[in-house]
Amino acid sequence: MRLFVAISLPSEVQSDIHRALKEARQRNGGVRWVRSESYHVTLAFLGEVAPSGLAALQGALGRVVFGRFSARLGAPKAVPNVRRPQVLWYGLEGDFSQLHDSLGKELGQMGFPPDSRPWTPHVTVGRLRKPGAILDWPPPNVEAEWEVTESVLMQSHLRPGEGPRYEVLHGIPAR
Ligand code: 2AM
């Protein structure tokens, strides 16, 4: 099973982002735009995990400790740059460090390797198969701030010809 740990976005934040991207979506048909109900913040990508390992993984996630914190949507960004972007995202501001560090520690003890690059909190909204110029970018900023009270273990169901469908398997509450 293809798994990752994420923070879900409130549905009104998902709608606000989707609305802000209207022009960009219309003018950039070559971009694989993420469906609004799938917008999320990835904390750790686990990749393929055997179903037999799920119980131990859920046990480890139960040991993740973090206090609730406030997250705010930041600026839209084309990565690595606006001339030849590969990924389009909105940045995020907030104190994600306790959650990210505790999660990294528990996953490390389970044998999952740490991030190879520094982690930047973001919400991916589009991906480009072939890096190319993007029109109507940047889109408007979106004013959104919310309280992060849990993170979630997600399963990604890949569907040929369609975007993936994400299923929440397990909640990791703040405490
Ligand atoms: P991102 O879009 O926030 O970068 C679920 O597939 C999520 O895991 C994706 O939204 C992506 O997060 C991240 N992801 C997918 N494949 C990945 C990979 N090979 N390495 C790291 N992160 C990956």
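The values are calculated or read from the model by the stated rules, or taken from the named source; none is laboratory data. For clarity, every value in this text was computed on a predicted model and none was experimentally measured. Glycine gets a Cβ as well: all are built from the backbone with ideal geometry, and neighbour counts include every protein chain shown. Note: accessible area is taken over every heavy atom of the protein model, side chains too, but ligands, DNA and RNA are not part of it. Shrake-Rupley method; radii C 1.70, N 1.55, O 1.52, S 1.80 Å.
Can I get the semi-axes of region 10-58's equivalent ellipsoid? Compute them from the C-alpha gyration tensor as square roots of 5 times the eigenvalues, in angstrom, largest first.
Working: eigenvalues 205, 40, 10 Å².
Equivalent-ellipsoid dimensions as semi-axes: 32, 14, 7 Å.
Calculate the FRET efficiency for Arg63 and Trp119 from the Cβ-Cβ distance with a Förster distance of 30 Å, rounded to the nearest 0.05.
On the way: r = 20 Å, r/R0 = 0.66.
For Arg63 and Trp119, the calculated efficiency is 0.90.
Going by average Cβ neighbours within 10 Å, how do the peptides 70-77, 133-140 rank, with the highest at the top? Before the final figure, lay out the partial values.
On the way: 70-77: 17.4, 133-140: 15.1.
Those peptides, ordered most packed to least, come out 70-77, 133-140.
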For this session: Rounded to whole Å and sorted largest first, list the principal axis extents of the Cα atoms in region 2-173.
Result: 46, 35, 28
Exercise. What list of ³J(HN,Hα) couplings, whole Hz, do you get for region 119-124 from phi and the Karplus terms 6.51, -1.76, 1.60, once you set θ to phi - 60° and write x for glycine and proline?
Worked result: 8, 10, x, 7, 10, 6
For this session: Can you spot the lysines whose alpha carbon is less than 28 Å from Lys22's alpha carbon? Ignore those fewer than 8 places along the same chain.
Result: Lys77, Lys130
For this session: On a 0 to 90° scale, report how tilted helix 11-20 is relative to the longest principal axis of the chain, with both axes built from alpha carbons and the result rounded to the nearest 10.
Result: 30
Exercise. Mean residue ellipticity at 222 nm from the helices of the chain, using -39,500 (n - 2.57) per DSSP H segment of n ≥ 4 over the full residue count, to the nearest 500 deg cm²/dmol?
Worked result: -6000 deg cm²/dmol
Exercise. What distance in nm separates the simple spin-label points at Lys130 and Arg2, each placed 7 Å from Cα in the Cβ direction?
Worked result: 2.3
Seminar exercise, completed: Probe 1.4 Å, heavy atoms of protein chains only: per residue, the accessible area of region 112-175 in Å² is 64
For this session: Would you kindly find the accessible area of His100, with a 1.4 Å probe and non-protein molecules such as ligands, DNA and RNA excluded, rounding to the nearest 10 Å²?
Result: 40
Seminar exercise, completed: Reported to the nearest 10 Å², Glu150 has, with a 1.4 Å probe, an accessible area equal to 80
Problem set entry | Charge dipole of region 2-173 about the Cα centre (unit charges at C-beta), most positive-ward option of Pro76, Ala60, Phe96 | Pro76
For this session: Rank these residues by their accessible area, most exposed first, probe 1.4 Å: Arg68, Arg117, Arg25.
Result: Arg117, Arg68, Arg25
Problem set entry | Within the chain: Cβ-based charge dipole about Cα centre, in debye rounded to nearest 20 (Lys, Arg +1; Asp, Glu -1) | 780
Seminar exercise, completed: Extend 7 Å from the Cα of Val87 along its Cα-to-C-beta direction; within region 117-160, residues with backbone N under 11 Å of that point are 117-128
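Taking all protein chains as present, what is the carbon and sulfur share of the accessible area of the chain, in % to the nearest whole number, probe 1.4 Å?
Answer for the chain: carbon and sulfur cover 50 percent of the accessible area.
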Exercise. Can you give the angle from 0 to 90° between the axis of helix 97-109 and the longest principal axis of the chain, with both taken from C-alpha atoms, to the nearest 10?
Worked result: 60
Exercise. How large is ³J(HN,Hα), in whole Hz, for each residue of region 36-45 in order, when computed from phi with the Karplus curve 6.51 cos²θ - 1.76 cosθ + 1.60 and θ = phi - 60°, using x for Gly and Pro?
Worked result: 4, 5, 9, 4, 7, 10, 6, 9, 7, 9
Exercise. Relative contact order (percent) for the chain, with alpha-carbon contacts under 8 angstrom and 6 or more residues of separation?
Worked result: 33
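Which order do Met110, Met154, Met1 take when ranked by solvent-accessible area (1.4 Å probe, heavy atoms of all protein chains), largest first? Before the final figure, lay out the partial values.
Values: Met110 70, Met154 15, Met1 45 Å².
So, going from the largest accessible area down, we get Met110, Met1, Met154.
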